[in-house]
1. Out of the helices (runs of 4 or more DSSP H) lying entirely within region A:369-483, which hold 3 or more residues that are free of Cβ contacts under 8 Å to residues at least 60 places away in the same chain and within 14 Å of chain B (Cβ to nearest Cβ)?
2. I need the helices (runs of 4 or more DSSP H) fully contained in region B:125-197, keeping only those with at least 2 residues that are basic (Lys, Arg).
3. Considering only region A:317-333, state which residues are more than 7 Å from every other protein chain (Cβ to nearest Cβ) and touching a residue at least 40 places away in the same chain (Cβ under 8 Å).
4. For residue A:134, indicate whether it is more than 14 Å from every other protein chain (Cβ to nearest Cβ), surrounded by 23 or more Cβ atoms within 10 Å (Cβ to Cβ), hydroxyl-bearing (Ser, Thr, Tyr) and in contact with a helix residue (DSSP H, G or I) (Cβ under 6 Å, 6 or more places away or on another chain).
5. Assess whether residue B:17 counts as being at the interface with another protein chain (Cβ under 8 Å from one of its Cβ atoms) and outside any loop (DSSP other than H, G, I, E, B).
6. Quick check on my filter: what residues within region A:208-239 are closer than 30 Å to residue B:165 by Cα, part of a helix (DSSP H, G or I) and more than 16 Å from the chain's Cα centre (by Cα)?
7. Confirm whether residue A:286 is within 19 Å of residue A:421 (Cβ to Cβ), modelled with pLDDT of 95 or more, assigned to a helix (DSSP H, G or I) and over 17 Å from the mean Cα position of the chain (by Cα).
8. Name the single residue, out of those in region B:235-255 being of a type in the set (A, V, I, L, M, F, W, C) and either modelled with pLDDT under 65 or closer than 30 Å to residue B:186 by Cα (or both), that is surrounded by the fewest Cβ atoms within 10 Å (Cβ to Cβ).
Amino acid sequence: MTFPERALATRITLLMLGIGLIMAFAGHDIGFRLQGAVVVAATLATLVVLFLIRTQPEPSPQELTYYYDAPIKAGIYLSLIWAVLGMFVGVWVALLLAYPELTFDYAWSSLGRLRPVHTSGVIFGFGGNALIATSFHVVQRTSRTRLPDQLSPWFVLLGFNLFCLVAATGYLLGITQSKEYAEPEWYADIWLVIVWVTYLVLYLRTLARRQEPHIYVANWYYLAFILVVAVLHIINNLAVPVSLLGSKSYSLFAGVQDAMTQWWYGHNAVAFFLTAGFLGMLYYYLPKRAERPIYSYRMSIISFWGITFMYMWAGSHHLHYTALPQWVQTLGVTFSVMLIVPSWGSAGNALLTLNGAWHKVRDDATLRFMMVAAVFYGISTFEGSFMAIRPVNSLSHYTDWTIGHVHAGVLGWVSFIVFGTFYSLVPWIWHRQRMYSLFLIEVHFWLAISGTIIYLIAMWNAGITQGIMWRTYNESGTLTYSFLESFVAMHPYYVARAFGGFLFLIGAVLAFYNIVMTVRHMPIEREVNKDIPVGLMPVQSGEATA
Amino acid sequence: MIFTIHNKIERNSIVLALGIILVSAVGGLVEIAPLFTIDDTVESDPDMRVYTPLELAGRNIYIREGCYSCHSQMIRTLKDEVDRYGPYSRAVESQYDHPMLWGSKRTGPDLARIGEKYSDLWHTRHLNNPRDVVPQSIMPAYSWLLKNDLNTRDLRGNLKAMSRVGVPYKDSMINLANRDAIAQASPSSGDVAGLIERYGQATSVRVFDGDPQRVTEMDAVVAYLQILGRLTEVAHSDTSVKFDSKENVASAEGS
């Protein structure tokens, strides 16, 4: 960072420290005070880093012509830390459902409080950091230009992680809005809006500096991810706080309107966080790794606008047979079924891109991660459309089938594309010849795929068993099974699920180790660096904003 | 040709961004906005009760502990659900639920009509350690609910915030929220007559957790669970939906 950027960074951090101190000392409830303490700790750590780098020389004009990769590197590490943490909590939660005594009688470790730590940890911590890091990489390379300044990428990355940290510690304290995947309370939500607007401005400024006439497909998806997530987040989180110095707030919406808003949000968090963003990743890293051009440019266009338009209608399929008016349910199922077209358009486009490179898929576990991701994207989008059909949903809803479906997406699709991407990206941006251990990538691949399959089969079986037991009548016309009998029947599946998740967690730990060892022990490539922007325009040092 | 137009769109980041916003906005506008304007989206019931301060405090603890991640509060229009849990849920029943707690998963059973199906003692023992009453249960033990005194200090502010988002709490209800919460769980010492006057004859006033000396978090949670499904009688009186004997799905007459 340049000196003016460091000065501004210090002022922003001091402002945040002040807010943290007010929260910690003037807060009305103990939870809000402890959240303030988390903000204080995080900002103090940032100030220490800023103090330590105060004497480092400014980047030279020469350096300012290259791509800016430091925040990408930090983002990869943060993503991996959240992956291990989030998946560990996931395995713990899975075990709690088989062995309920594992809460050890603490309030913070009971299932209801740990579950959002798992979901937010993996979706936002692991997935979100991976998206931010790769978006910074992709937008620079496809625009052939450097990010416009050094401060905003750090503000976005660290600000987002502060949000994740406040969210996760809040859940343990019992602070939650109870809206699934939008649990953080009002103050964390406002902070995320500030971070996200900075992210959008940074992205658009980079695109504005591009040295290519066209904006590459991957950027359309990243842009849709940033824009639509902002809209969803703001509307679903509209709430009135009890006090500006307390954690509790009440949602602006109630009952049926709140349910529809929540699942409009919830389903499109899947669409624009867990799909659009990662499709951006797929559209850049898969062709790069396979060294093949995207199969069809026109298919990309149709899929992109199809996904952007249709997903927003599909949320009501989460509310079939409820008090939501029938006409909204019908619209939801219609668009959910139609969504198969753009979804399979994208999955097919990715797989057809591999034509001529299938021998690489066989030999290169990294590319195989990406191939499997595309296959699971196809599987889980088909399953999603299928489960949205009313009669299927009457069986699957409220059961573990839903959990299985989500994990087909987040394990098979999202995690596989992220790991494939990281194994490609790490040697590129650290300028290493290759990853530290190709064998460990191979081991990770097989652990991940067996973990995923065990998990999915367990949950499919559990869900369908539950669904059938709940609706079975005996000859006298009364229900055959009590609810108790249906969940006692779940025990073996819950044990199997925890085991599958454990295998997946081990794989993530191996990835972390392998990436750290690559950075620490692989020699730096000395050959001429071809990975530089075409423009070589120096950034003006006063341009920084946050 | 659509691809020629796109060739222009993808050269301009602002046009692209605006296009994304416009195209993605349609679905939400068509599906959500009318829910606020079409009158028969929510049935009207002039007798619909609001949560008492104690019940609201219990609801907030229910949210705090994440109970909604394993228990739904939405009985679907399916025969087996109606047979298992009771009349299917109506929109009016969660009219004052900010936010709604319909849930998405039944690791445990639905709770929309759990109110007064079990005794206070059963709930207290069950929440304290579920395996004391249901040996196979996998529900966490919430032993701290009996130990923690209920924080009634902030209830006034909570009712005020609820009234700001549209719940018809009267000024007297807001002003006396803290006292009403204590009175509902310790009838021997509080202004029970005032509480009943404000919240109606159907209000349950009793010691919920078995300990008359203290008002604990357990009092609040049990009071909340016992009111679930009992804020309005609409679901029990409305008979417009019949179940076909062969089909699992309800067929509505008229609507």
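1. Details: elements: A:390-396, A:400-407, A:416-429, A:438-471.
The helices (runs of 4 or more DSSP H) meeting that bar are A:400-407, A:438-471.
2. Counting at least 2 such residues, we get B:155-164.
3. Within region A:317-333, the subset more than 7 Å from every other protein chain (Cβ to nearest Cβ) is A:317, A:319-320, A:324, A:326-327, A:329-330, A:332-333.
A:317, A:319, A:320, A:324, A:329, A:332, A:333 - these are the residues of region A:317-333 that are more than 7 Å from every other protein chain (Cβ to nearest Cβ) and touching a residue at least 40 places away in the same chain (Cβ under 8 Å).
4. Details: more than 14 Å from every other protein chain (Cβ to nearest Cβ): yes; surrounded by 23 or more Cβ atoms within 10 Å (Cβ to Cβ): yes; hydroxyl-bearing (Ser, Thr, Tyr): yes; in contact with a helix residue (DSSP H, G or I) (Cβ under 6 Å, 6 or more places away or on another chain): yes.
Spelling it out, residue A:134 is indeed more than 14 Å from every other protein chain (Cβ to nearest Cβ), surrounded by 23 or more Cβ atoms within 10 Å (Cβ to Cβ), hydroxyl-bearing (Ser, Thr, Tyr) and in contact with a helix residue (DSSP H, G or I) (Cβ under 6 Å, 6 or more places away or on another chain).
5. Working: at the interface with another protein chain (Cβ under 8 Å from one of its Cβ atoms): yes; outside any loop (DSSP other than H, G, I, E, B): yes.
Answer is yes for this residue.
6. Correct list: A:231, A:234, A:235, A:236.
7. For residue A:286, the condition - within 19 Å of residue A:421 (Cβ to Cβ), modelled with pLDDT of 95 or more, assigned to a helix (DSSP H, G or I) and over 17 Å from the mean Cα position of the chain (by Cα) - is met.
8. Filtering region B:235-255 for residues of a type in the set (A, V, I, L, M, F, W, C) gives B:235, B:241, B:243, B:249-250, B:252.
Subset that is either modelled with pLDDT under 65 or closer than 30 Å to residue B:186 by Cα (or both): B:241, B:249-250, B:252.
Working: B:241: 15, B:249: 14, B:250: 18, B:252: 10.
Checked region B:235-255; the qualifying residue surrounded by the fewest Cβ atoms within 10 Å (Cβ to Cβ) is B:252.
The values are calculated or read from the model by the stated rules, or taken from the named source; none is laboratory data. Being a predicted model, the structure only gives us computed values, none of them experimental. Virtual Cβ from ideal backbone geometry, glycine too; neighbours counted across all protein chains shown.
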